[in-house]
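Below: one structure, written as structure tokens.
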Amino acid sequence: MNLDALDGKNKNEGLTPQDKEWQEMVKNLENNNDGLIRESLGKKVQGVMNESGLPNEDYRSTVGVYGGRMLMEEGKMVWDRNGIVSKIDKKGDEVLRSYDEHTVKEPGKLLKRHPKIAAEKFFHPGTKRFRGSNEEICENIDRLGLSEFYGPHENGIEIKNQEVYTKGAVLQDIYRADLIKSEKLDKIDRFQALAEAGKYIKNIHDKHGGVGEILVSDIIFQKVEDGKLSDPVLNLPDIVWNKEKKTGEKDKKTTDMLDFLCSVYGEEKRKSQDPDNLDKALDTIISNYGDKDIISMAESFIKRGRLTLQGDKEILNFPNTITKKARGFFSQHNKARLGSKTGFEGEMKEKIKDACERFLSKEQ
């Protein structure tokens, strides 16, 4: 997509031809046999909420825009959130995320012993994070030190540094270079990109705390020279922490890392299918992130069933309760976010746990 596709005159006329072309490309990629691994409800929801792609000038990005549309308004690039789809997306996002991190092994026993706790923890858990309002997102932007890149606009959020989107290289697109067929992306070493991403996430965590969500679509490299990447920056941080939930900073950082590791694993699995490359991808991220406390907690999260994914039922010591039986339903949002597939979710969890253990066993 180029900037012409963002012309504000189209905002009330439905999707532009460029947007429709982008959506058709994504549909074709998802149906590819090697596939971009979307399933059932998660895939359907994305098809409605994912209105257009990032406006990169060099290639047609596979990174979708959710909760609004990218438009040019009086020379400004704006994530415009005035449409009805944007409003539905925000409400739906809170509902769909309710069970992303939520696992109660035996809700029946909990209900008998502590009915009030059961109601809160299982039947009405709420969400730890969600797509924020314009004000909440701007607060997140400032907190994360991104005010030179993004800022407030009357219709949503302005992309103040437009070249981040028009000229940058998104980690997701680097992984999908074989599908996009971009010469620029083909030359990039994805493992060097993962190393830089691991260092960058650690820097963000040290300076500003947990982000809210970090996927392969959330790391954008501003400079690409001779296949080498530098100057990473976070994509628009629209997912915010729920202030009504008492979530510790260590928990927030670990949630970011577990999201990112799962997201990368899914992309590497699609791209190479090589066990050595899968281990290398995870090891590269973890070693360059380098925080033993967070990596140890990530391993603990996996053993406790986080993040909620249907395909990990067999590796978890869960009794045959509603938690286990309904895990497929509870996991739909994570499937859509992470690009995961039931057939390898258990394997993915085991591989990430093993990578954490390899790192933790090394003398530092």
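Taken together, the values in this text are just the output of simple stated rules run on the coordinates, not laboratory data. All figures in this text were calculated on a predicted structure; none of them were measured in a lab. Please note: Cβ atoms are built from the backbone with ideal geometry, for glycine as well, and neighbour counts cover all protein chains shown.
What ranking of Met257, Met72 emerges when the number of other C-beta atoms within 10 Å of each C-beta is taken as an exposure proxy, fewest first?
On the way: Met257 27, Met72 20.
Fewest to most other Cβ atoms nearby, the residues stand as Met72, Met257.
Listed peptides 229-238, 272-281 appear in the order 229-238, 272-281 once ranked by packing, highest mean of other Cβ atoms within 10 Å at the front. Past the 19 Å Cα-Cα mark, which pairs from Lys128/Lys280; Lys128/Lys269; Lys128/Lys351; Lys199/Lys269; Lys292/Lys362; Lys199/Lys252? Long pairs (Cα-Cα over 19 Å): Lys128/Lys280; Lys128/Lys269; Lys128/Lys351; Lys199/Lys269.
As a footprinting exposure proxy, order Tyr59, Tyr150 by other Cβ within 10 Å, with the fewest listed first. Kindly include the intermediate steps, with their values, before the conclusion.
Values: Tyr59 17, Tyr150 26.
Starting with the residue having the fewest Cβ neighbours, the order is Tyr59, Tyr150.
The modelled label-to-label distance between Glu244 and Asp231, using points 7 Å beyond Cα along the C-beta direction, is 4.2 nm.
How far, in nm, would the chain grow between Ser296 and Asn82 when pulled straight, counting 0.36 nm per residue and subtracting the alpha carbon separation?
Working: separation 214, 0.36 × 214 = 77.04 nm, distance 4.22 nm.
Extending this stretch completely gives an extra 72.8 nm.
Measure up Lys245/Lys335; Lys181/Lys223; Lys76/Lys341 against 28 Å on the Cα-Cα distance and list the ones that go over. Check vs 28 Å cut-off fails for Lys76/Lys341.
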